[in-house]
Structures are given as structure tokens and as C-alpha cells.
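What follows is calculated from the coordinates using simple rules that are stated; it is not laboratory data. All values derive from a computational prediction rather than experimental measurement. Methodologically, a virtual Cβ is constructed for each residue, glycine included, from the backbone with ideal geometry; neighbour enumeration extends over all protein chains shown.
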Amino acid sequence: MSDLHPRQLWEAALGDLQVQVARPSYDTFLQNTIGVALEDDCLVIDANSSFAAEYLEKRLRGVVQTAVERVAHSPLDVRFQVAQSSALATTPEVIEAQPQTIVSDPPIRHRVAGETPTLPLDPRYVFSQFTVGRSNELAMAAATAAAERPGEKYNPVFLYSPSGLGKTHLLHAIGHHIRARGLTALYVSSDQFITEFVRSIREGRASEFREKYRSPDVLLMDDIQFLSGKEQTQEGLFHIFNELHHSGRQVVIASDRSPSALSPLDDRLRSRFEWGLIADIQPPDLETRLAILRAKASALDTSVPQDVLEFLGQRKCRSIRELEGYLNRVAAYADLTGKPVTMELGEQALGGLQGAPEAAPRTTESVLETVATYYRTTPAAVKGPKRERSIARARHTAMYLMREDMGLSLVEIGRAFGNRDHSTVFQACSKVATQVESDTTLQRDIEALREKIDHG
């Protein structure tokens, strides 16, 4: 145990956790932590706030301890504490270090009293660090256009993809580029926007809220899909969007699905998202995965041979973050053991980690088959005229998934169900979209179905 350095041990464990923990949780609570001591078979970990330390202790302790023990090859306890004298003890806005070519974040001139500070831009997320391939070249071009000619060429720019493929990276890159030009950029998550909107109404500060969001040269809004069902907040964003657009200010939006699949979202708002350029990001192909790995490896102190990069690139993964996690784990393992990176070491480092199964392409047939099996019926019954409650639920759910996840038109969905009228499809999709907001059983059903459709 004395041979293990706490910082190296924790960095190796983070490579493991980066693959296992959901990105928002990892980025918020784990990314900036440091292993500071090994005391009586216990790894002490510094977190940047009491809230983060408490969250890690209550929510992630089990998975963290397992990762630490896997790396250490011995039983170890973990303990989280608030950093006392390190840079972690400062707030994110204070410690944010911008590259020399990037202008530091200007203070926000209009801030609602008591609100959450504007989210800082991550200094790592710049255009030069974004690897371009066939899967994301349109999104990169759209982001570049928004940064170079804000409000002129494409407005708004709407980026969508599953989690972990680079949407947030591009939003931050736009923000950095805009600020480097001496202009103002405001980056906000939909959760933060909702929180501030509700607080501004409650405290009678609606005018200050509107002024804050209509004042920047570029508004960057992440995870817009979480506005679904928030009618008042959508109304507020609708008016802010109109003011920004009419004044020639750029709006860039990111979502996990296309505007047409954002249901239930106000039709007026959804139509405005479709005014400009819509660009999706697909999972990277092998060539792009290798390019990403080479770029990330070049920034490491550890040399990673080409055959190891190819070994990593060929592993199935859901996201770029997961791919980076594999590389970080191998590099940390090499650093921890003092051995050079080889194929053998790579296999040892990733031993026990199963790459995410590769998602199969969704088709109307695969959706019908999976939904029918899940609800213990047949595709023919789901497509047929029967109106029994269980069959109707399966039918409506299948239509909803085709609309939400495949982006099919109402006519196309109707055709898959025996040429049903598009109004019937619309009513079914709307019904499920409304129910899913409050029906936890239906929520679980849909998540389970999505997993089964993608991975069998």
C-alpha cells in the first residue's frame, strides 16, 4: 500500500469512473477532485465544496470505492472532504483559467439578486480541441459560422445528438471565440434558465431577468429538451428569443433530439428553432475515434503506441467521453505501475470493463417488434384495429418512440401502422407525451424499451 501515491491512485480510478458515471454527475462532482492522502487503508479525496463532498458520500460512494479497490487491487475505504488549502477550495468562477488567446469572462451586467451565477466556460472546450470527422462536420461548420458571423448567417443554430458526442464542447467553443473578439456570450443550461425564471417571477424581478438574457451578443442554451412541459418558462424563452433574433443577436441551442421530436414543446417555440440551421452529431466512426484518441494521447505525458490506440478505438462505446475514459484509464494504469503502455497493459487496464454495446439502427420494424414483445402481444396486433387497453398502450407507445427517437413524420408513422390517418398518430403521440411527464411507470417503460431497441 505504501507504494501507491494517492493522487496517481485516484487519477487511475477516475479513468474508470469516467466510463461508469453519467456525464453531468462526473463533470459536476468528480472531475475536479484530487486524491490527497492514504490513511489507514482509506483514500482521502478532496472535493471543491461541502455540497460536492456530501453528494459523493451519499450518492456515489459505492461506485467510487469499487473503482478505487479495482485499481489498487486491495480493499480500500474512501473518505471525502472539502479542500482546505488547494485551488479546489475556490469557486469555479474564480479558478477558471482561460488560455492566453481567450479573453476572461466579463462580469454579467444584469444579474437577478440571489440567482445562481452564470455558468463559466470550460477552458478545455475550444475549437482547436474538437476533432472533426464525417459524423460531426456539419455541426462544426454551423458552430464556426455562429462564432465568426453571429446573427448573420444562421440564426438560430440548433445542435442535437445523444449525450457525450460534443454538443456542449461546441457551445463552449463558440463562447470562447465570441469573448475573444470582445463580444458577450452567455452560456446557460435549461435547468439554470428554469430556476432563474421561476425565482424572478417569485421575487418580482422579471424585468431584470429579461434584460440579462436579451443583452448578450450570443445566447448559448444547453439541454433545451428539459423545457418540455414547462409552459410558463417556454413562454418566457419565446419572448426572449424573439427579442434576440429581431435585434440580430445569435442564439445557439443544444438538445438530445431534433426540434420536430421535442414534444411537448410550444409549437411557436419549436418553429423558431427551425428557422436557422439544424445540425446533428452522429456517433464517431472508427476513423474519427482514432483521430480523437491520437489528439488526446498527444496531450498525455505517457506515450501510447498506435496499436494500443487502435485497440481502444475498436471498443464499442456510446460517447466520446467514454472513449476518453478508456484512454485515461490505460494511461493512469501505466503511470501507477511504472510500466510502458503496451497491448498487454491495455488489456489489463481495461480488464473487467465491458464496452457499451453498439446501438443497432432503429427501424419501424424493430420498434414494433420490441414494443410488442415488451407488452406481451404481437406486431400484427399492435398494427391492427383492436382497441384493448394493453394493445392500445403498446400502439401509442410505439408511435411515440417513432416520432421522438426516429424523427419520423406523422404520415410515415401512419404508414407503418396500416396507413392510419396522421391525425390519429398525432393524438396518440400527444397523449403519451402528456402522460410521460407524470406517469413514472410509463417513464420506466419507455427507457427500458429504448435500451432494448438499441441493444437487444
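Structure data summary
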item	result
Gyration tensor (alpha-carbon) shape descriptor, the range 364-455, a/c threshold 1.5	rounded
Near-label residues of the range 145-170 by backbone N, under 16 Å of a point 7 Å along Cα→Cβ of S260	158-161
Gained length - E152 relative to R389, 0.36 nm times residue gap less alpha-carbon distance	80.2 nm
Length gained when the stretch D267-N242 is fully extended (0.36 nm per residue, less Cα-Cα span)	7.6 nm
At most 14 other Cβ within 10 Å, DSSP loop - GluC sites (Glu not before Pro), the range 210-317	E274
Cross-link partners of K452 among lysines (Cα-Cα below 18 Å; sequence separation of 8 or more within a chain)	K316
Amide H contacts of V82 (H built 1.01 Å from N, under 5 Å, at least 5 apart or other chain)	A47
Fully extended contour minus Cα-Cα distance, from V132 to Q20, at 0.36 nm per residue	37.8 nm
Nitroxide proxy distance, nm - points 7 Å out along Cα→Cβ at S423 and R199	4.7
Among beta bridges that DSSP assigns inside the chain, antiparallel share in %, nearest 5	15
Positive dipole terminus of the chain, leading residue within G175, M221, L9 (C-beta point charges)	M221
Global geometry of the range 232-272, whether rounded, prolate or oblate, following the gyration tensor of its Cα atoms and the 1.5 cut on a/c	oblate
Theoretical FRET efficiency, 1/(1+(r/R0)^6), r = Cβ-Cβ of R415 and R315, R0 41 Å, to 0.05	0.60
The chain, helix-only ellipticity at 222 nm - DSSP H runs n ≥ 4, -39,500 (n - 2.57), divided by all residues, nearest 500	-15000 deg cm²/dmol
Charge context of T131, other residues only, Cβ under 10 angstrom, K/R +1, D/E -1	+3
Formal net charge of residues neighbouring L290 (Cβ-Cβ distance under 14 Å; K, R +1; D, E -1)	0
Candidates per GluC sites (Glu not before Pro) in the range 377-435, loop by DSSP, up to 11 other Cβ within 10 Å	E388
Whichever lysines have a C-alpha closer than 28 Å to that of K212, once near sequence neighbours (fewer than 8 apart) are set aside	K153, K167, K230
Percentage of interatomic Cα-Cα distances in the chain larger than 44 Å	17
The range 142-216-the range 5-82 distance, computed between alpha-carbon centres (Å)	32
At least 30 Å along the helix axis (C-alpha) and Kyte average at least -1.0, DSSP helices within the chain	none
Overall form of the range 207-309 per C-alpha gyration tensor (a/c, 1.5; a/b vs b/c)	prolate
Projected label distance in nm at V82 and V63, using a 7 Å step from Cα toward the beta-carbon	2.5
